[in-house]
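**Student:** Before we start, here is the structure in question, set down as structure tokens.
The values are calculated or read from the model by the stated rules, or taken from the named source; none is laboratory data. These numbers were taken from a predicted model, which means no experiment stands behind them. Heads up, the Cβs are rebuilt from the backbone with ideal geometry, glycines too, and the neighbour counts pull from every protein chain shown.
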Amino acid sequence: MGEEKQGSVPVLPWMRDPVDVALCQECPLDEVPCLHPRLKLALQKMGISKLFPVQAAVWLETVGPGNFDRDLCINSPTGSGKTLAYALPIVQMLSNRVVKCLRALVVVPTRDLALQVKEVFDAIASPLGLCVGLAVGQSSISDEISKLVTVPEYDAGMSFDPDDISLGLQLGFQSKVDILVATPGRLMDHINTTRGFTLEHLYYLVVDETDRLLRESYQSWLPTVLGLTQFNDDHILTVANSFLPNAFGPLRTRRTCGIERGFKDKLYPRLAKMVLSATVTQDPGKLVQLDLHHPLFLKAGLMRYQLPENLESYKLICETQLKPLYLVALLKTLEGEKCIVFTKSVVSTHRLCTLMNCFNNLQINIKGYSSLQTQRIRSKTLKEFRKGEFQVLVSSDAMTRGMDVAGVRNVINYDMPKYIKTYVHRAGRTARAGQTGRCFTLICKDEVRRFKKLLQKAENSSCSDHTLPSSLIEALDATYQSALEKFREIISEERKKSKSISSQSSQEKGKRQKSE
Ligand SMILES: Nc1ncnc2c1ncn2[C@@H]1O[C@H](COP(=O)(O)OP(=O)(O)OP(=O)(O)O)[C@@H](O)[C@H]1O
């Protein structure tokens, strides 16, 4: 995760004059203008009685007087409720749709985040009769397709010639979903190969964790999506209309460059976009890819990066070789509270988990969570963590963007983050939705200055020293030494195993090459 090079004054003019979300008040549901009664009921069922400031601000710019006239770029702290901020207006706007077709696409960087976002949509969209789909590659592609598209009867069993997608054949397909939550890779699979999957009727595009998604191009998903939603071909529409006169009916969404929703004398809807993150990029080269229309920048606070209001940050200074010992001591003092421990890489995550599990009588349940694991294992681990079946989740950064786990009271940076962005996203796994939380960072003396400089880049970042009783450290020392011995044995076994596997596979490769 690289830090951007430019200074803190944004280059793009629309970023220099943001709407301050913090000036927006929380809004009780009774006072939310035009809120659909069933949407209100669904929110109440979720235990929500008022909109958070960012949700109220987005509502005003979308459903409210703003009427989606401008695309929104939203920079609001972790845990401030960005998911509902974009989900609510989409569901409200689609609540009076007559025919089901894919109208809203939400793109997120990871599968687990997609599952989380889908759950939020399900809770508010189902009561309004809207269907939400998932394209994340969790199940087989055919299974996913069967949940996304209805294949016309006349077409069932017909073999598919990809060079022969005539419009007539496309017409009988029907979307089974109104809203789709997708990761970029699987989205591209459907765009490229799933018959009947079309973005032609799309009204709303959400790019969540925008800065992360813009960093990686994922098979050019963004230009592809934008290209497909600017579809305009009168000839094809004429053919379509003569083939099945009422096939499109109220769905017709011809997109023509320069014809915009909500602007005078403009007849057809444009694709409305909402892009969000707690750390929105200021890089004009990246932002331009989103092709935002008259963008409105909604931002909380004065500084570029903001930590949650009720977060307390602490530094715990210790010698590098004693870090595992201090971590165990710290966890013991946290007495069973849910914690996420962040390391610098998947390898460090594996090693730290292994070492921690070598401690005799630790009485703390620890599990690793990383991209080295299969999706099934990761989902299982996350489920157990949510249920509180174990206390400490050890992870590296990539997988935890946007993760919302109730009751996480502490975040521990076992390795100091290199960038403030990383600190913001890690620390943001706690102190969510106005709750309190603590973020501890383990550092050695040499890192103190660098750490202070890093935190100065964020609002609400005051950081005190945290000390542990020396008696506790001394008491744990012998256990630590024996844990280290066990750990070395395990690691050397693992090395031997991986060496023998790699020599076996190179022998097999050699044999294959000889026989060819
Ligand atoms: N209006 C509300 N009232 C009460 N709780 C809410 C409200 N809106 C959201 N929440 C809760 O706040 C938590 C954080 O919301 P969400 O995950 O949308 O945050 P976020 O801003 O997207 O954070 P991140 O930047 O980390 O992704 C969730 O548990 C959500 O259920």
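**Student:** Kindly provide the set of residues from segment 361-406 that are in a loop (DSSP other than H, G, I, E, B), within 16 Å of the ligand (Cβ to nearest atom) and either touching a residue at least 60 places away in the same chain (Cβ under 8 Å) or aliphatic (A, V, I, L, M) (or both), ordered by number.
**Tutor:** Selection gives ASP397, ARG401, GLY402, MET403, ASP404, VAL405, ALA406.
**Student:** Further question on the same structure: Is it fair to say ALA156 is at pLDDT 95 or above and either buried (at least 21 other Cβ atoms within 10 Å of the Cβ) or not aromatic (Phe, Trp, Tyr) (or both)?
**Tutor:** Judged against the criteria, ALA156 is not a match.
**Student:** Would you kindly identify the strands (runs of 3 or more DSSP E) lying entirely within segment 283-352 that contain at least 1 residues that are closer than 30 Å to ASP20 by Cα?
**Tutor:** On the way: elements: 296-299, 311-317, 338-342.
It comes to 296-299, 311-317.
**Student:** For the structure I just gave you, tell me whether GLY64 is in a loop (DSSP other than H, G, I, E, B), within 11 Å of the ligand (Cβ to nearest atom) and assigned by TED's automatic domain parsing to the domain that holds ALA272. Quick ask: steps written out before the conclusion?
**Tutor:** Values: in a loop (DSSP other than H, G, I, E, B): yes; within 11 Å of the ligand (Cβ to nearest atom): no; assigned by TED's automatic domain parsing to the domain that holds ALA272: yes.
Against the criterion (in a loop (DSSP other than H, G, I, E, B), within 11 Å of the ligand (Cβ to nearest atom) and assigned by TED's automatic domain parsing to the domain that holds ALA272), GLY64 does not qualify.
**Student:** A further question follows. Take ILE48 and tell me if it is out of contact with any helix residue (DSSP H, G or I) (no Cβ under 6 Å at 6 or more places or on another chain), crowded, with 23+ Cβ neighbours inside 10 Å and either in contact (Cβ under 8 Å) with a residue 40 or more places away in the chain or assigned by TED's automatic domain parsing to the domain that holds SER175 (or both). So that I can check it myself, show each step before the final result.
**Tutor:** Values: out of contact with any helix residue (DSSP H, G or I) (no Cβ under 6 Å at 6 or more places or on another chain): yes; crowded, with 23+ Cβ neighbours inside 10 Å: no; either in contact (Cβ under 8 Å) with a residue 40 or more places away in the chain or assigned by TED's automatic domain parsing to the domain that holds SER175 (or both): yes.
So ILE48 does not fit the description; no.
**Student:** In the list SER462, SER470, which residue meets the criterion of being touching a residue at least 12 places away in the same chain (Cβ under 8 Å) and loosely packed, with under 15 Cβ neighbours inside 10 Å? Can you show your working first?
**Tutor:** Values: SER470 fails: touching a residue at least 12 places away in the same chain (Cβ under 8 Å).
After applying the criteria, what remains is SER462.
**Student:** Then there is this: Could you identify the single residue in ARG426, ARG432, ARG438, ARG409 that is in a helix (DSSP H, G or I) and of a type in the set (Lys, Arg)?
**Tutor:** Step by step, each of ARG426, ARG432, ARG438, ARG409 is checked, and only ARG426 is in a helix (DSSP H, G or I) and of a type in the set (Lys, Arg).
**Student:** Based on what the data block shows, is ALA56 in contact with a Phe, Trp or Tyr (Cβ under 7 Å, 6 or more places away or on another chain) and within 15 Å of the ligand (Cβ to nearest atom)?
**Tutor:** For ALA56, the condition - in contact with a Phe, Trp or Tyr (Cβ under 7 Å, 6 or more places away or on another chain) and within 15 Å of the ligand (Cβ to nearest atom) - is not met.
**Student:** Condition first: β-branched (Val, Ile, Thr) and closer than 19 Å to ARG386 by Cα. Now tell me which residues in segment 403-457 satisfy that.
**Tutor:** First, the residues of segment 403-457 that are β-branched (Val, Ile, Thr): 405, 408, 411-412, 420, 422, 424, 430, 436, 441, 443, 448.
Of everything in segment 403-457, those that are β-branched (Val, Ile, Thr) and closer than 19 Å to ARG386 by Cα turn out to be VAL405, VAL408, VAL411, ILE412, THR430, THR436.
**Student:** With the requirement that a residue be part of a helix (DSSP H, G or I) and of a type in the set (Gly, Ala, Ser), what does segment 67-97 give you?
**Tutor:** Hits for segment 67-97 are ALA85, ALA87.
**Student:** Just one of ASN413, ASN361 is modelled with pLDDT under 95 and under 27 Å from LEU484 (Cα atoms); which is it?
**Tutor:** Numbers: ASN413 fails: modelled with pLDDT under 95.
From the options ASN413, ASN361, the qualifying one is ASN361.
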